[in-house]
Amino acid sequence: MSTAATSFPERNAAEAADLALVPDAAAPLVRARRVRQRRQMYLGQVASYSLGAFVLLLYAFDGVISIDIASLFWFGGLLIIGTFAVLSEAGVGDRFSDHYLTVFQISAHMALQFVFLLSVPTIGVAFLSVLFLIFAFGTLRMTSIQAMLTWAIATAGLAAVFLASDLPIGMPVATRLQRTASMLCFALVIGQCAFLGLFGATLRKILYRRSIELKAAYQRIEELAELDELTGSYNRRCIMRLLDAEIEKSRQTSTPCAIALIDLDWFKRINDAHGHPVGDEVLRTFAITIFANIRPADCFGRYGGEEFLLLLPGMNGEAASRMLDRLRGIVADLDWSAFSPGMRVTISAGVVTLRDNDTADTFLVRADSALYSAKAQGRNRIATS
């Protein structure tokens, strides 16, 4: 006549899902939430035993059993619940992966049902039906090994009752009150099983929703791990990986590939004259401008400091030079005075195309050499190599 069902299934399922997804089970917050959830479960068990005792009282009023049976059943259930509640408050369960001590709880509740089944076999079906309820709770918590263990215990108990004894196990339905009590017995068990099913379904839905949220969070983390925090462009590690991939792709498909190493002219002077916050805004504005004027297939990343690397797959040297000169003009024509009156920002770039014997390092060395040449020629220009 008892169950380990908890109240407020959606809230408890949400808490269970949170606990399942929290990596540090020893955190004080997690322990507090587990204690709260166990308290709610024990309150549900008290309510369940109270309802079961009420059904037994109906049998007692009709003279089928002694009224002491109902009292003993209720106190027996409270004794089991109280024992596990004390262990819970003492933090005993938190020392184990199964903080509910599910096997021990199920075994204790099953033992109580078998004791009363043997003591009052005339209403034995009422106690047998509760075993389904107990296992319905267990399915929410047990591992496969725990399930096999508790099933073996239950089977041993049933074998003792049905095979080792001749007890007349029954369900009295001779009078209207007996039929009412028997009906309530099954109705309560079915209702509480449905309640547990609702809890399980809610838990599955919440876990599914949390898994979607986790996937989105992991995707965001991966994106952040690839992006430069300040400019939103690819960081050095990512752009270098993309460079290796583009070199390999270019050779496999026999298509041209160009890169441009871009540097903001006299950027240190901007930082010194206007401060680093203004310098950061300049970098952000420059990156946004480049993003708005390159192809979807192009890759743009921060190579270091005020240097940026632009990958131009499928583009030959002449087309790459024209594109970079167009970008140079766009940057130079921006109204930078919004950051500081009289401010002017220009870029220099070294543009190179992939050669048969190039590695990523030699490719970049040639781009850096071209960039150096552009600076030596007076900056705000594009050079090739």
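The values are calculated or read from the model by the stated rules, or taken from the named source; none is laboratory data. Worth saying up front: this structure is predicted, and the values here are computed from it rather than measured. A quick note on method: Cβ atoms are made from the backbone with ideal geometry, for glycine too, and the neighbour counts reach across all protein chains shown. Remember, those area values only see protein heavy atoms, side chains included, never the ligands or the DNA or RNA. Shrake-Rupley method; radii C 1.70, N 1.55, O 1.52, S 1.80 Å.
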remark   = Distance in nm between residue 79 and residue 95 label points, each 7 Å along Cα→Cβ, equals 2.4
remark   = Whole-Hz Karplus couplings 3J(HN,Hα) for region 307-315, θ = phi - 60° and coefficients 6.51, -1.76, 1.60, Gly and Pro as x, run 9, 10, 10, 10, 9, 10, x, x, 10
request  = For region 158-291, report the convex hull volume of the alpha-carbon atoms normalised per residue, in Å³, without decimals.
outcome  = 316
task = Specify the residue with the greatest mean-square fluctuation among 316, 357, 235, computed from a Gaussian network of the chain linking alpha-carbon atoms under 10 Å apart.
result = 357
query = Over the chain, what relative contact order in percent results from Cα pairs under 8 Å that are six or more residues apart?
reply = 14
ask   = For q = 0.12 Å⁻¹, what log10 I(q)/I(0) does region 86-138 give under the Debye formula with an equal point scatterer on each alpha carbon and no solvent?
value = -0.35
message = Given a 1.4 angstrom probe, I'd like the percentage of the accessible area of region 278-363 that is carbon and sulfur, rounded to a whole number.
response = 49
ask   = Which one of 150, 180, 253 has the biggest mean-square fluctuation once the chain is modelled by GNM with Cα springs under 10 Å?
value = 253
message = Using a Förster radius of 30 Å, what is the FRET efficiency between residue 333 and residue 227 based on their Cβ-Cβ separation? Nearest 0.05, please.
response = 0.65
message = Highest mean first, how do 266-277, 35-46 rank when packing is the count of other Cβ atoms within 10 Å averaged over residues?
response = 35-46, 266-277
note = With a 1.4 angstrom probe the carbon and sulfur portion of accessible area for region 34-161, in percent, totals 76
message = Per 0.36 nm of contour for each residue apart, how much would the distance between residue 355 and residue 373 grow if the chain were fully extended, relative to their Cα-Cα spacing?
response = 4.5 nm
key: Burial ranking of peptide ranges 84-91, 254-261 (average Cβ count within 10 Å, highest at the top)   = 254-261, 84-91
request  = At 1.4 Å probe size, with every protein chain present, just tell me what the per residue accessible area of the chain comes to in Å².
outcome  = 50
query = ³J(HN,Hα) across region 193-210 via Karplus (A = 6.51, B = -1.76, C = 1.60, θ = phi - 60°), whole Hz, x for Gly/Pro?
reply = 5, 5, 4, 5, x, 4, 4, x, 5, 5, 4, 5, 5, 5, 4, 5, 5, 5
Per-selection Rg to Rh, region 224-286 - Cα, Kirkwood hydrodynamic radius = 1.13
query = If you take the square roots of the eigenvalues of the alpha-carbon gyration tensor of region 286-385 and sort them as a ≥ b ≥ c, do you get rounded (a/c under 1.5), prolate (a/b over b/c) or oblate?
reply = prolate
remark   = Pseudo-spin-label distance residue 215 to residue 319, built 7 Å along Cα→Cβ, given in nm, is 3.7
query = For the chain, which semi-axes, largest first and in whole Å, follow from the square roots of 5 times the eigenvalues of its Cα gyration tensor?
reply = 78, 21, 16
query = So how tilted is helix 276-292 from the main axis of the chain? Cα-based, degrees 0 to 90, rounded to 10.
reply = 90
ask   = For the pair residue 148 and residue 183, how long in nm is the line joining their label points, each one 7 Å along Cα→Cβ?
value = 4.4
note = At R0 = 56 Å the Cβ-Cβ FRET efficiency linking residue 159 and residue 241, nearest 0.05, sits at 0.30
query = In debye, nearest 20: dipole of region 224-354 around its Cα centre with unit charges on the Cβ of K, R (+) and D, E (-)?
reply = 240
task = Using the Karplus curve 6.51 cos²θ - 1.76 cosθ + 1.60 with θ = phi - 60°, work out ³J(HN,Hα) for each residue of region 256-271 in order, rounded to whole Hz, and write x for Gly and Pro.
result = x, 8, 10, 9, 9, 9, 10, 9, 7, 5, 6, 5, 4, 5, 5, 4
